[in-house]
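Presented below is the structure to which this report refers.
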Amino acid sequence: MAEVLVLVDHVDGAVRKPTLELLTLARRIGDPVAVALGAGAEATAGVLGEHGAVRVLTADAPEFADYLVVPKVDALQAAYDAVSPVAVLVVSSAEGKEIAARLALRIGSGIITDATDLEAGDQGPVATQAVFAASYTTRSRVSRGVPVITVKPNSAPVEAAPAAGAVEALSVSFSEAATGTKVTARTPRESTGRPELTEAAIVVSGGRGVNGAENFPLIEALADSLGAAVGASRAAVDAGWYPHTSQVGQTGKSVSPQLYIASGISGAIQHRAGMQTSKTIVAVNKDPEAPIFDLVDYGVVGDLFTVVPQLTEEINNRKG
Ligand code: FAD
């Protein structure tokens with residue numbers, strides 16, 4: 001059967017959920033062959049095999065940690081040459097998109113970024129994307145070369161699909177460009193204990209209606225009751241109420257969770273661009289005419305300072 005390359009996103013061998021989602025999509029097209037790079041690469045094989053990887057190509061070298069993305073591009077290209085896959089799938093993170101774009105250029109292929117679904121087609125995989133600030137959905141396929149496709153987190157379920165997951169060492173020779181940009185320091189982000197915004201299954205966001213940094217704990221409390229990540233509109237970020245890394249939208253992060261709760265957010269087109277593909281959207285807004293109500297599944301017309309604490313309390317009570 002045709003093989004599909006899947007670049008593994010992992011931290012010291014712990015595979016991140018978006019990669020398991022990629023394996024679900026890869027199995028619709030062919031047999032997934034995972035490519036795990038860097039420290040702990042071999043340790044990923046167990047979980048990758050449980051989710052459908054027939055083979056796990058691994059490579060570790062100091063270059064993967066010491067330099068920016070080019071060593072990983074070299075390795076993915078080595079895997080591409082060794083496997084001759086029918087498609088290459090990568091997680092739509094900032095790093096993933098850079099790796100995918102560089103690989104597509106090298107192998108002369110078309111690339112589709114930020115896919116939200118993927119299915120087999122007669123002439124190659126067909127990807128679904130949300131375009132023009134998520135106002136339209138397109139279905140497209142790559143017409144030149146082997147498709148390189150990046151997929152947004154939360155686009156597919158994680159499915160158990162036991163397969164061999166056989167580890168094979170990947171031989172990589174690094175290009176001159178690989179060592180062109182050296183990492184000189186890493187500053188770990190302060191941990192909030194909450195899931196990463198772009199990967200979270202639930203996101204709770206606050207906007208200008210939250211009316212001050214001192215009120216954001218209301219949003220955080222609701223998020224924590226649901227095990228959610230916290231997002232913010234640009235108005236809230238620009239006002240200095242919440243960090244820029246939490247901004248959702250056209251110039252912020254693009255999220256696609258199972259549930260998105262917007263509080264005190266009007267629903268401007270630039271905000272929608274980053275959250276409109278969420279599976280279920282809930283809004284709390286005191287203005288019944290707010291544009292956000294045009295796209296919600298559930299809307300609450302009310303004062304967030306009343307509604308949000310009540311919701312948090314109710315959820316916490318139900319958890320017992
Ligand atoms: P507002 O539009 O002011 O809405 C606040 C809402 O809160 C109102 O609907 C109001 O009814 C409601 N409200 C007020 N008080 C309460 C209360 N007590 N209870 C309940 N509801 C209440 N925006 C983004 O979010 N992300 C982006 O990435 C982004 N990129 C942009 C890029 C460009 C080039 C431009 C021009 C703009 C961009 N914007 C972005 C800004 C965007 O146009 C909006 O200005 C912004 O999204 C508005 O944020 P908001 O909804 O929080 O504020």
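Answer yes or no: is there a residue in region 147-162 that is more than 24 Å from A229 (Cβ to Cβ), in contact with a strand residue (DSSP E or B) (Cβ under 7 Å, 6 or more places away or on another chain) and open to solvent by 60 Å² or more (accessible area, probe 1.4 Å). Checked region 147-162: no residue is more than 24 Å from A229 (Cβ to Cβ), in contact with a strand residue (DSSP E or B) (Cβ under 7 Å, 6 or more places away or on another chain) and open to solvent by 60 Å² or more (accessible area, probe 1.4 Å). For V47, the requirement of being within 18 Å of A156 (Cβ to Cβ), touching a residue at least 12 places away in the same chain (Cβ under 8 Å), outside any helix (DSSP H, G or I) and open to solvent by less than 50 Å² (accessible area, probe 1.4 Å) is not met. For the residues E63, E42, E21, the requirement of being open to solvent by 20 Å² or more (accessible area, probe 1.4 Å), out of contact with any Phe, Trp or Tyr (no Cβ under 8 Å at 6 or more places or on another chain) and outside any loop (DSSP other than H, G, I, E, B) singles out E42. Consider I107 against the criteria (1) in contact with a Phe, Trp or Tyr (Cβ under 7 Å, 6 or more places away or on another chain); (2) open to solvent by less than 20 Å² (accessible area, probe 1.4 Å): it satisfies all of them except one. Which criterion is unmet? Among (1) in contact with a Phe, Trp or Tyr (Cβ under 7 Å, 6 or more places away or on another chain); (2) open to solvent by less than 20 Å² (accessible area, probe 1.4 Å), I107 violates only (2). Close Cβ contacts (under 6 Å, 6 or more residues apart or on different chains) running from residues in region 97-109 that are under 13 Å from A75 (Cα atoms) to residues that are of a type in the set (D, E, K, R) and open to solvent by 20 Å² or more (accessible area, probe 1.4 Å) comprise I99/K72.
A quick yes/no check of all residues on (1) more than 14 Å from V204 (Cα to Cα); (2) basic (K, R); (3) within 13 Å of the ligand (Cβ to nearest atom); (4) modelled with pLDDT of 95 or more:
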| site | (1), (2), (3), (4) |
| --- | --- |
| E220 | no, no, no, yes |
| D224 | no, no, no, yes |
| G227 | no, no, no, yes |
| V230 | no, no, no, yes |
| V237 | yes, no, yes, yes |
| G240 | yes, no, no, yes |
| Q247 | no, no, yes, yes |
| V255 | no, no, yes, no |
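Summed over region 260-269, the residues that are near the ligand (Cβ under 9 Å from one of its atoms) and under 20 Å from Q310 (Cα atoms) give a count of 4. Taking the stated definitions as given, is D114 at positive phi, open to solvent by 30 Å² or more (accessible area, probe 1.4 Å) and touching a residue at least 40 places away in the same chain (Cβ under 8 Å)? Judged against the criteria, D114 is a match. In region 209-244, the residue that is farthest from L311 (Cα to Cα) out of those that are over 22 Å from the mean Cα position of the chain (by Cα) and of a type in the set (D, E, K, R) is D238.
The residues in region 270-293 that are touching a helix residue (DSSP H, G or I) at 6+ places or on another chain (Cβ under 9 Å), open to solvent by 40 Å² or more (accessible area, probe 1.4 Å) and more than 7 Å from the ligand (Cβ to nearest atom) can be counted, and the count is 2. Within the span defined as region 208-216, every residue fails to be in contact with a helix residue (DSSP H, G or I) (Cβ under 6 Å, 6 or more places away or on another chain) and away from the ligand (no atom under 14 Å from the Cβ).
The values are calculated or read from the model by the stated rules, or taken from the named source; none is laboratory data. This one's a predicted model, so the numbers in the text were calculated from it and none came from an experiment. Please note: Cβ atoms are built from the backbone with ideal geometry, for glycine as well, and neighbour counts cover all protein chains shown. With ligands, DNA and RNA removed, areas are computed over all heavy atoms of the protein, side chains included. Shrake-Rupley method; radii C 1.70, N 1.55, O 1.52, S 1.80 Å.
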